[in-house]
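Here the structure is laid out as structure tokens; the discussion comes afterwards.
The values are calculated or read from the model by the stated rules, or taken from the named source; none is laboratory data. Keep in mind that this is a model prediction, so the values were computed, not measured. Note: accessible area is taken over every heavy atom of the protein model, side chains too, but ligands, DNA and RNA are not part of it. Shrake-Rupley method; radii C 1.70, N 1.55, O 1.52, S 1.80 Å.
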Amino acid sequence: MDDDELIAAVAGGDDTALRELFTRHAPWLAARLRGVLPVAEVEDVLQETFLAVWRGAAGYRPRGSAGGWVWGIARRQAALWLRRRGPAAQLLPLLAAGDAPLAGDPAEAGVARAELADAVGALGPAGSPAREAWRLMYEEDRPVAEVAVLMGVPEGTVKSRAYRARQLMRAALRRDESMREGGGR
């Protein structure tokens, strides 16, 4: 059975299919999660991920890879864990870097955090539209529809603000990179 068929079986209540999905995907999910979570918490987040797979399988639509769908759930579960257990600053590396772990060198990690903080600052003051869209979508991992309700604007406006925020952050991160390469820091 391929992954899409397994998810369909899970939607029908087949726990054997869920075990097979776990066997296929848990090893690489755990490896990715170790880059952003304390090692001791990875297993709990994996369990929450596959519980969410069980609950959400009926809503799965095979538009991309099933592994990507499961990874999206794992990222949300990791974000939820971080939000419950630590300050939002711990969540930024996970959300900003997507799935890339922080550098192993503490000095490099510190530089990366400082550069990310500078990039977030480029979005304007706290509460500004672009920064608020960033905070809600990428720090709090909220869906566009929910952000639209919270901000009192249409979903298209939220998408535009998020796009603009990403552009501003990319530009700020590029400036930091060129300064570092040119000896400006």
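Maximal additional length on extending the ASP118-GLU155 stretch stands at 10.6 nm, based on 0.36 nm per residue less the C-alpha distance. Once all protein chains are placed together, THR16 keeps about 80 Å² accessible to a 1.4 angstrom probe. Scanning residues 5 or more positions from ASP14 or on other chains, none has an amide H under 5 Å from its amide H, with H placed 1.01 Å from N in the peptide plane. Along the stretch 32-40 the Karplus relation, 6.51 cos²θ - 1.76 cosθ + 1.60 evaluated at θ = phi - 60°, assigns HN-Hα couplings of 5, 5, 4, x, 10, 10, x, 3, 5 Hz to successive residues, with x for each Gly and Pro.
For the stretch 116-131, the Karplus equation 6.51 cos²θ - 1.76 cosθ + 1.60, evaluated at θ = phi - 60°, returns couplings of 5, 4, 4, 5, 5, x, 5, 7, x, x, 3, x, 5, x, 5, 5 Hz by residue, with Gly and Pro reported as x.
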